[in-house]
Amino acid sequence: MLPQTSDQCKQALKVKHIGSTYWQQLIQIGIPKQDARTIAVAIAKYDVMQCRPRDLQKQLICHYSAFVCRAKLWRAGLLVT
């Protein structure tokens, strides 16, 4: 879904910027690039828009939880449903 308003565009750009930073952190600590991208986007969306991760994202976050913590990207409410 494409952003429709100025605020949505700003949020999308912020998610992209933050997600890129998170992705770099995650690949530096050893998460494979594609999984790191999926996790980074989920956490960035959570941080910017308070969106809960989808099922696949949750599975990857759980699988790599030690790495996510090591990168200091763990969020207390991230996996709460």
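Taking the Cα centre of the chain as origin, sum charge times position over the Cβ atoms of Lys and Arg (+1) and Asp and Glu (-1), and report the length of that vector in debye to the nearest 20. Present the calculation step by step, with values, prior to reporting the outcome.
Numbers: 12 positive and 4 negative charges, 15 e Å.
Taking the Cα centre of the chain as origin, the dipole is about 80 debye.
Just from its helices, what would the mean residue ellipticity at 222 nm be for the chain, if runs of 4 or more DSSP H residues each count -39500 (n - 2.57) and the sum is divided by every residue, rounded to the nearest 500 deg cm²/dmol? Don't jump to the answer; show the numbers that get you there.
Values: 4 runs with 55 residues, N = 81.
Estimated from H runs of four or more residues: -22000 deg cm²/dmol.
Quick one: helix 33-49 against the long Cα principal axis of the chain, what's the angle to the nearest 10°, folded into 0 to 90?
Long axis of 33-49 versus the principal axis of the chain: about 50 degrees.
State log₁₀ I(q)/I(0) for region 6-70 at q = 0.14, 0.19, 0.24 Å⁻¹ as given by the Debye formula over alpha-carbon point scatterers of equal weight, solvent excluded.
-0.36, -0.65, -0.97
Which whole-number percentage describes the relative contact order of the chain, with Cα contacts under 8 Å and a sequence gap of 6 or more? List each step's numbers first, then the result.
Numbers: 69 pairs, mean separation 22.7, N = 81.
Result for the chain is 28 percent.
If the reach is capped at under 22 angstrom between alpha carbons, list the lysines near K10, excluding any in the same chain fewer than eight residues apart.
The qualifying lysines are K45.
Relative to the longest principal axis of the C-alpha atoms of the chain, give the angle of the C-alpha long axis of helix 6-28, reported between 0 and 90° and rounded to the nearest 10°.
Long axis of 6-28 versus the principal axis of the chain: about 20 degrees.
How much length is gained on full extension from C51 to K72, taking 0.36 nm per residue of separation minus their Cα-Cα distance?
Details: separation 21, 0.36 × 21 = 7.56 nm, distance 1.89 nm.
Result: 5.7 nm gained on full extension.
Could you work out how much longer the chain between K33 and V80 gets when fully extended? Use 0.36 nm per residue separation minus the Cα distance between them, nm to one decimal.
Working: separation 47, 0.36 × 47 = 16.92 nm, distance 2.52 nm.
Separation in residues times 0.36 nm, less the Cα-Cα distance, equals 14.4 nm.
Read-outs throughout are calculated quantities, based only on the coordinates presented, and are distinct from any laboratory measurement. Just so you know, these numbers come straight off a predicted model, no measurement behind them. Glycine also receives a Cβ, built like all others from the backbone with ideal geometry; neighbour counts cover every protein chain displayed.
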